[in-house]
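A.B. asks: Let me begin by handing over the structure; questions about it come next.
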Amino acid sequence: MEINRNTIIKDLIETNPETLAVFKKYNLVIAGGVRGPNEPIAFFAKAHEVNYDTLVKELNEAIEKGGGEHIEIPKFEEDKIYEKFIKTAIVLTLSVGVTFGAITLSYIAFKLNFNSVYYALIQAHGHAQIYGWVGLCIMGFALYIIPRVKNTELRHRSLANIIYGFAIIGISIRTVVQPIPYSSIRFLVPISAIFEALAICLFAFVILRTILSSKEKTGVFDKYFKAGIIWFLIATFMNLCMVFHLYRHAIYEIPRNYFSPYVHLYLFGFVLMFIFAINIRTVYAFLDIKPVREKVINLVFLILNISIPIYYITHMLADKYVVAFRFSQFIVFPIGFAFFAFIYGLRIFERSTKELQDIVMDRSYAKTIRTAYLWLIVSAVILLVMPFLGHGTEVQKRFHGSLNHAITVGFITMMIIGYASKMIPTFKGINMHSIKISNLTFILLNFGCFLRVFSQILVGTSGKPVFYAVVGSSGWFELAALSLFGYNLWKTMNTTQETKPSTTTATKKLTEVTKDTKVFDVVDQYPETLQIFLDFGFSQMSSPVMRNTMGRVASIDMATKMHNVDLDKFLKALNDKIAAKS
């Protein structure tokens, strides 16, 4: 097998098992499926910061040294450590999460009043979302990804099931019991917080032990991971204190001046730190852009970690002390600046380097990741406007709700979807179940989020009933989006790894071109079809090198999607040309 930039890792390992030793050297074999990821070597090398030419040289040497001797491929056990976390997160968000949220928004629209809903229910719903949806997703991905980006083994792996079990028990009890007005079962509320705290402490222990065991050089992203863990532990302690306050005072709602700053501490401290860390490590390869500006990224880290505790304390005390109130107004400005600076340092909206422009692969995830950062910009703008709206006014409350939604759905959920759509197929060594469903998910989620964020602001500024109606409808678009995403991702996780087609199948004489036919096979067997490709805008097909590299990897279906060409019309033109020759 001749190695080129578009050679798929798992195909190479299946064809030349002797290359396993090279991939093991770079700890890359276990990074996708049981035989490696379904990714081109050039992309894989950039994503894992391995020199492409050096890697290919070592692979060719391994093949030559193998001398054609048959080597059995070891039967690796697929690493599914993340699956139970992700699947449970999907179940939670499609039940007590986004479904409950959609019903609540419709009720608010009917009543024309955001204060018409029992606030204990809102808090239980919020807890299910930030711990059940966001928290479980991040924990599941972290247990899989961090050992790989740090080129080490996951330490204390056996604790993963305990972490999962404790987290599910805690989240489930808290979500169900907090709003129920029965004193006989109130003791379950602090018990739920204890289970969650145990899960998070064990998770922190496993992740920190894994990071510290690595012999890799410390990267700029490492400090973000470590800070995220610390903020997760701090948020857990805050949650324990608030829950015991509920129990001790026999109340059902956490005081809002405690709950709201706590949510932002959790989001800005734990969640954003982890997302930023993964972005720093991977986004330059995923989007084919330049490496991050490390000085800027380091400055952002400093600003955020100084500002977050000040934000929490001053917002908690703003109603009692004028000094705290003034600081709470001021502290949003360095946080907003940090968001803009991080986007600049990450280079997220800069032009591609074109380093991977010849690589054939699905990149539908790219628009989702970039759009998530547009929502972060929206969040930053709302955050910076809020100090000028009057403390505790109805307008500020509506802006505050829009800020929370822009952060949690626009940025965080969009980022989870974008990375899940890229990484889980990589984990499995397969393709995403349906790119069409992914695209529809993207449209529906952005539409729903747009309606919610801006109509809630308009409710605050105008109070007109029509904007309540828009708020009420927004949740159903988001529910549809996350339902499609959940189905698409679940099907992907349940799909077994594809096997490489046999050589005889690949070289069989074509009688009809289908969407799965390789571009190379069509032009190789029917050279006259080359003009059809050129007529439909596939200008790169004029290059024999591109036909021999990209053409061997890309199917007709993949090629039409990349060039936005109608598949049915293209297939008809190709088959008509073949039939005319026959």
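A.B. asks: Among the residues of the range 339-354, is there at least one that is crowded, with 17+ Cβ neighbours inside 10 Å, in a helix (DSSP H, G or I) and hydroxyl-bearing (S, T, Y)?
C.D. replies: No - not one qualifying residue is present in the range 339-354.
A.B. asks: Only one residue in G101, G97 is farther than 25 Å from Y247 by Cβ and in the same structural domain as V466 (by TED's automatic domain parsing). Which one?
C.D. replies: The conditions single out G101.
A.B. asks: Taking I71 as the residue in question, decide whether it is within 23 Å of A554 (Cα to Cα) and either surrounded by fewer than 16 Cβ atoms within 10 Å (Cβ to Cβ) or modelled with pLDDT of 70 or more (or both). Even if it seems obvious, please write down each step before you answer.
C.D. replies: Numbers: within 23 Å of A554 (Cα to Cα): no; either surrounded by fewer than 16 Cβ atoms within 10 Å (Cβ to Cβ) or modelled with pLDDT of 70 or more (or both): yes.
Taking the combined requirement at face value, the residue does not satisfy it.
A.B. asks: Could you tell me whether the range 390-403 includes any residue that is closer than 25 Å to V283 by Cβ, crowded, with 22+ Cβ neighbours inside 10 Å and at pLDDT 95 or above? Before the answer, list the steps.
C.D. replies: At the first step, the residues of the range 390-403 found to be closer than 25 Å to V283 by Cβ are 403.
Restricting the remaining residues to those that are crowded, with 22+ Cβ neighbours inside 10 Å gives 403.
Then drop every residue that is not at pLDDT 95 or above, which leaves 403.
Yes, that holds for at least one residue.
A.B. asks: Continuing with this model, one more query. When you check R326 against the structure, is it part of a helix (DSSP H, G or I), of a type in the set (D, E, K, R) and crowded, with 20+ Cβ neighbours inside 10 Å, yes or no?
C.D. replies: Criteria not met by R326.
A.B. asks: Hey, D362 hits all of (1) at pLDDT below 95; (2) charged (D, E, K, R); (3) assigned to a helix (DSSP H, G or I) but one; which does it fall short on?
C.D. replies: Exception for D362: condition (3).
A.B. asks: Restricting attention to the range 389-404, report how many residues are in a helix (DSSP H, G or I) and either among the polar types (S, T, N, Q) or in contact (Cβ under 8 Å) with a residue 40 or more places away in the chain (or both).
C.D. replies: Narrowing the range 389-404 to residues in a helix (DSSP H, G or I): 394-404.
Those left that are additionally either among the polar types (S, T, N, Q) or in contact (Cβ under 8 Å) with a residue 40 or more places away in the chain (or both): 394-402, 404.
Counting residues in the range 389-404 that are in a helix (DSSP H, G or I) and either among the polar types (S, T, N, Q) or in contact (Cβ under 8 Å) with a residue 40 or more places away in the chain (or both) gives 10.
A.B. asks: Determine if the range 285-302 includes at least one residue that is surrounded by fewer than 21 Cβ atoms within 10 Å (Cβ to Cβ) and either among the polar types (S, T, N, Q) or touching a strand residue (DSSP E or B) at 6+ places or on another chain (Cβ under 8 Å) (or both).
C.D. replies: Yes, the range 285-302 contains a residue that is surrounded by fewer than 21 Cβ atoms within 10 Å (Cβ to Cβ) and either among the polar types (S, T, N, Q) or touching a strand residue (DSSP E or B) at 6+ places or on another chain (Cβ under 8 Å) (or both).
Yes or no, residue by residue, for (1) within 21 Å of the chain's Cα centre (by Cα); (2) in the same structural domain as G401 (by TED's automatic domain parsing); (3) assigned to a helix (DSSP H, G or I); (4) at pLDDT 95 or above:
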| site | (1), (2), (3), (4) |
| --- | --- |
| L212 | no, no, yes, no |
| K215 | no, no, no, no |
| F225 | yes, no, yes, yes |
| G228 | yes, no, yes, yes |
| F232 | yes, no, yes, yes |
| A235 | no, no, yes, yes |
| V243 | no, no, yes, no |
| Y247 | no, no, yes, no |
| Y252 | no, no, no, no |
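A.B. asks: Moving to a separate point now. What's the number of the condition H156 fails, among (1) assigned to a loop (DSSP other than H, G, I, E, B); (2) farther than 29 Å from H125 by Cβ; (3) touching a residue at least 60 places away in the same chain (Cβ under 8 Å)?
C.D. replies: (3)
A.B. asks: Next question, about the same structure. Just a yes or no: is a residue in the range 475-484 under 17 Å from T88 (Cβ atoms), part of a loop (DSSP other than H, G, I, E, B) and within 27 Å of the chain's Cα centre (by Cα)?
C.D. replies: no
A.B. asks: Report the residue count in the range 424-445 for those that are part of a loop (DSSP other than H, G, I, E, B) and not small (G, A, S).
C.D. replies: 4
The values are calculated or read from the model by the stated rules, or taken from the named source; none is laboratory data. Everything quoted here is computed from the prediction, not taken from an experiment. Here Cβ is always computed from backbone atoms with ideal geometry, including for glycine, and neighbour counts include all displayed protein chains.
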